[in-house]
Amino acid sequence: MAGSIVTRTGDEGTTGLLYGQRVPKDHPQIEAVGAFDELNVALGAIKPLLVDSDLRAFITGLQHNLVALMGELACAESDRARYADSNFSKITGADVTKLDEAVGVLEAHGLKFDGWATPGATALGSAFDTARVTARRAERRLHALPAHGRTVRPELSQFTNRLADLLWLLARQAEQ
């Protein structure tokens, strides 16, 4: 039988990092992990609106990428090498390339970045825009980490930036 989700270890305002260190619940790493968790939920909210099963599978793959990214961010700086040597999934350059390719496909269909949008033309477009702004918030939290002593691999920044761009294009596609 599984244990309870209620551990009571956070009752005093701290939470655990991946290898057991405790930090305040408002620690910048926890803020970043939380922002990416919100993005994962926003992507999940898109999937029931999708007719295209290939796009649904692609979104699910992105959610798996986000779980890998959150795992890496939930590791203390002192445990970065341990995490790098672990069998946990990690964001790679190939993941960034996959997003670049998806952006290229949409742009080849005439979708371009063309300034600000006014979201709300369709439910699906709004869902993609919600995910996009959530991705940008997560990106800001990610970029705040080095000022707090946490190294961020370039692939994480690249992945997050490309994902937000892709979500912008998917929202524009959904509005057409």
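The values are calculated or read from the model by the stated rules, or taken from the named source; none is laboratory data. Note that this is a predicted model, so its numbers are computed, not measured. So basically every Cβ, Gly included, is an ideal-geometry build from the backbone, and we count neighbours across all protein chains shown.
Looking only at residues in the range 152-176 that are over 27 Å from ALA84 (Cα atoms) and not hydrophobic (A, V, I, L, M, F, W, C), which one is surrounded by the most Cβ atoms within 10 Å (Cβ to Cβ)?
We begin by selecting, within the range 152-176, every residue over 27 Å from ALA84 (Cα atoms); these are 165-176.
Among the residues that remain, those that are also not hydrophobic (A, V, I, L, M, F, W, C) are: 165, 172-173, 175-176.
Numbers: ASP165: 19, ARG172: 21, GLN173: 16, GLU175: 17, GLN176: 10.
Filtering the range 152-176 for residues that are over 27 Å from ALA84 (Cα atoms) and not hydrophobic (A, V, I, L, M, F, W, C), the one surrounded by the most Cβ atoms within 10 Å (Cβ to Cβ) comes out as ARG172.
Is it true that ALA131 is among the aliphatic types (A, V, I, L, M), out of contact with any helix residue (DSSP H, G or I) (no Cβ under 9 Å at 6 or more places or on another chain) and either assigned to a helix (DSSP H, G or I) or crowded, with 17+ Cβ neighbours inside 10 Å (or both)?
No; evaluated as a whole, the condition is false for this residue.
Restricting the range 110-120 to residues that are surrounded by 11 or more Cβ atoms within 10 Å (Cβ to Cβ) and at pLDDT below 80, which is nearest to ILE59 (Cα to Cα)?
LEU111
Give just the number: which of (1) polar (S, T, N, Q); (2) touching a residue at least 40 places away in the same chain (Cβ under 8 Å); (3) over 23 Å from LYS25 (Cβ atoms); (4) outside any helix (DSSP H, G or I) does THR151 not satisfy?
(3)
Inside the range 151-176, can you point out the residues that are modelled with pLDDT of 95 or more and basic (Lys, Arg)?
ARG153, ARG162
Specify which of the listed residues (GLY34, GLY44, GLY10) is over 18 Å from VAL67 (Cβ atoms) and not aliphatic (A, V, I, L, M).
Details: GLY34 fails: over 18 Å from VAL67 (Cβ atoms); GLY44 fails: over 18 Å from VAL67 (Cβ atoms).
It is GLY10.
Could you pull out the residue among GLU77, GLU107, GLU101 that is over 21 Å from ALA138 (Cα atoms), surrounded by fewer than 18 Cβ atoms within 10 Å (Cβ to Cβ) and either touching a strand residue (DSSP E or B) at 6+ places or on another chain (Cβ under 6 Å) or touching a residue at least 12 places away in the same chain (Cβ under 8 Å) (or both)?
GLU107
Quick test for you: out of SER89, SER126, pick the one residue that is modelled with pLDDT of 95 or more, in contact with a helix residue (DSSP H, G or I) (Cβ under 9 Å, 6 or more places away or on another chain) and not in a helix (DSSP H, G or I).
Going through SER89, SER126 in turn, just one is modelled with pLDDT of 95 or more, in contact with a helix residue (DSSP H, G or I) (Cβ under 9 Å, 6 or more places away or on another chain) and not in a helix (DSSP H, G or I): SER89.
So, in the range 17-31, exactly how many residues are in a helix (DSSP H, G or I) and farther than 9 Å from ALA74 by Cβ?
2
Taking the condition on the phi < 0 side of the Ramachandran plot, loosely packed, with under 14 Cβ neighbours inside 10 Å and either acidic (Asp, Glu) or in a helix (DSSP H, G or I) (or both), does ARG140 pass?
Answer is yes for this residue.
When you scan the range 80-93, how many residues do you find that are within 16 Å of the chain's Cα centre (by Cα) and either more than 30 Å from ILE30 (Cβ to Cβ) or surrounded by fewer than 17 Cβ atoms within 10 Å (Cβ to Cβ) (or both)?
3
Is at least one residue of the range 42-51 in contact (Cβ under 8 Å) with a residue 12 or more places away in the chain and touching a Pro at 6+ places or on another chain (Cβ under 8 Å)? If you could, list the steps in order and put the result at the bottom.
Step one: filter the range 42-51 for residues in contact (Cβ under 8 Å) with a residue 12 or more places away in the chain, giving 42-47, 49-50.
From what's left, touching a Pro at 6+ places or on another chain (Cβ under 8 Å): none.
Looking through the range 42-51, none of the residues is in contact (Cβ under 8 Å) with a residue 12 or more places away in the chain and touching a Pro at 6+ places or on another chain (Cβ under 8 Å).
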